[in-house]
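Inspection log for the structure reproduced underneath, given as structure tokens.
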């Protein structure tokens, strides 16, 4: 209790010290997308911006037309940041640097914060004497696809080959593009090494980045992403289904392990285990057909595709689910899906990738982690959870929530972020 009070007082003191300056330092945030557009990285950027606005004068420049900009934060819409493809985005950013309107924004800023991909700005900002902070939510400086397959130790010498294979799975155009532009991460690396600080979101991500880019070792700081306030304040309100119900929200992406999920369901079906699966996110016709065939073949399996749902509806799905299935195949730095499930009291059944072990260490969920790509282990974990009683599920859920709130302490994360930006 005393430690918590001390941290809060220290954080407030730091805010008061910074806020007592004659003029608050100015932070310029460059983010191609801004929440609610995008995914976990954009949510993290929104939450970090919400922290920064308390001590700094913050301006967000984004390609999103209707961002949920925190109160007190200035917003500038920049269409040149609306391109998603790295090469075209970077060419647009190089154009943007020459624009007088953008030069004025850089000139007024004290700190330039790059939480996504606008790396070409870094050399220009440094020439103008600005502090540059880069926030990495993936592996863009070392991987064309921004994903490194797990375990990293087995893929360290074939990252480029993995990138080509992953891109070719998406189609001919992606395959051709990656074959021609596989060198783009080297360009990103050149820019990022000029930054003053590089924030990684988990120890695992930081170790991988430092292993592949040793020159960043002295610049890297590990700071966990802030927790969404609505989940922190929401509490656990479980309305569990009678049938063992599992939630999957990864879509039919290969790296999210959709094919592993299908194999695990087939295994459950053959064993006669009764279970219900709810799938959120987008699915192709072929994927939808495969799910339908599974449900028709195995009467013990009930499969429902909810599709893309609003955030509030997703939280309602969490409340009904016994557990979240997270069969990811890549070293996900700090998956919000796992953290969200723990905050709402749903057990994550997750692959041993990226920051997942850091999140679930010391909880019941640790015993449910499985080897990436091993569908038999997934099926066994699903069956194990299906045997838990309602009381066990609720008690485990409450313990998970308490654990994650303590581990991702808001005051500690806020204090660390403010120190990075006030140096």
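The values are calculated or read from the model by the stated rules, or taken from the named source; none is laboratory data. Keep in mind that this is a model prediction, so the values were computed, not measured. As a convention, Cβ positions derive from the backbone with ideal geometry for all residues, glycine included, and neighbour counts pool all protein chains shown.
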query = Can you pull out the residues in the range 307-327 that are assigned to a strand (DSSP E or B) and loosely packed, with under 15 Cβ neighbours inside 10 Å?
reply = 307
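Residue under question is residue 170, and the condition is that it be closer than 23 Å to residue 28 by Cβ and either under 24 Å from the mean Cα position of the chain (by Cα) or surrounded by fewer than 19 Cβ atoms within 10 Å (Cβ to Cβ) (or both); does it hold?
No: the conditions fail for residue 170.
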inquiry  = I'm checking my understanding of the structure. Among residues of the range 183-206 that are free of Cβ contacts under 8 Å to residues at least 40 places away in the same chain and surrounded by 15 or more Cβ atoms within 10 Å (Cβ to Cβ), which one is nearest to residue 417 (Cα to Cα)?
reply    = 206
inquiry  = Which of the helices (runs of 4 or more DSSP H) found entirely inside the range 150-249 contain at least 3 residues meeting this: within 21 Å of residue 84 (Cα to Cα)?
reply    = 159-168, 172-181, 184-192
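How do the strands (runs of 3 or more DSSP E) wholly within the range 39-143 filter down when requiring 3 or more residues that are without any contact (Cβ under 8 Å) to a residue 60 or more places away in the chain and surrounded by 21 or more Cβ atoms within 10 Å (Cβ to Cβ): which remain? Write out each step before concluding.
Working: elements: 57-62, 74-77, 111-114, 131-136.
By residue number, 57-62.
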Criterion: under 21 Å from residue 257 (Cβ atoms), modelled with pLDDT of 95 or more and not in a helix (DSSP H, G or I) - qualifying residue of 388, 382, 334 = 334
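Return the only residue of 306, 323, 280, 350 being within 16 Å of the chain's Cα centre (by Cα) and closer than 23 Å to residue 230 by Cβ. Don't jump to the end; show me each part of the working.
Numbers: 306 fails: within 16 Å of the chain's Cα centre (by Cα); 323 fails: within 16 Å of the chain's Cα centre (by Cα); 280 fails: within 16 Å of the chain's Cα centre (by Cα).
Step by step, each of 306, 323, 280, 350 is checked, and only 350 is within 16 Å of the chain's Cα centre (by Cα) and closer than 23 Å to residue 230 by Cβ.
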ask   = Can you name every residue in the range 357-379 that is assigned to a helix (DSSP H, G or I), farther than 18 Å from residue 257 by Cβ and touching a residue at least 24 places away in the same chain (Cβ under 8 Å)?
value = 358, 364
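Does residue 294 count as part of a helix (DSSP H, G or I), within 30 Å of residue 405 (Cα to Cα), in the same structural domain as residue 380 (by TED's automatic domain parsing) and modelled with pLDDT of 95 or more? Working first, answer last.
Values: part of a helix (DSSP H, G or I): yes; within 30 Å of residue 405 (Cα to Cα): no; in the same structural domain as residue 380 (by TED's automatic domain parsing): yes; modelled with pLDDT of 95 or more: yes.
Answer is no for this residue.
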key: Condition met for residue 149 (touching a helix residue (DSSP H, G or I) at 6+ places or on another chain (Cβ under 8 Å), buried (at least 20 other Cβ atoms within 10 Å of the Cβ), closer than 30 Å to residue 371 by Cα and not assigned by TED's automatic domain parsing to the domain that holds residue 32)   = yes
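Determine, yes or no, whether residue 250 is in contact with a helix residue (DSSP H, G or I) (Cβ under 9 Å, 6 or more places away or on another chain), within 21 Å of residue 319 (Cβ to Cβ) and at pLDDT 95 or above. Break it down into steps so the answer makes sense when it comes.
Values: in contact with a helix residue (DSSP H, G or I) (Cβ under 9 Å, 6 or more places away or on another chain): yes; within 21 Å of residue 319 (Cβ to Cβ): yes; at pLDDT 95 or above: yes.
Spelling it out, residue 250 is indeed in contact with a helix residue (DSSP H, G or I) (Cβ under 9 Å, 6 or more places away or on another chain), within 21 Å of residue 319 (Cβ to Cβ) and at pLDDT 95 or above.
Determine whether residue 219 is surrounded by 14 or more Cβ atoms within 10 Å (Cβ to Cβ) and at pLDDT below 95. Can you show your working first?
Working: surrounded by 14 or more Cβ atoms within 10 Å (Cβ to Cβ): yes; at pLDDT below 95: no.
No.
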key: Matching option when the condition is surrounded by fewer than 21 Cβ atoms within 10 Å (Cβ to Cβ), closer than 25 Å to residue 219 by Cβ and modelled with pLDDT of 95 or more, among 371, 412, 363   = 412
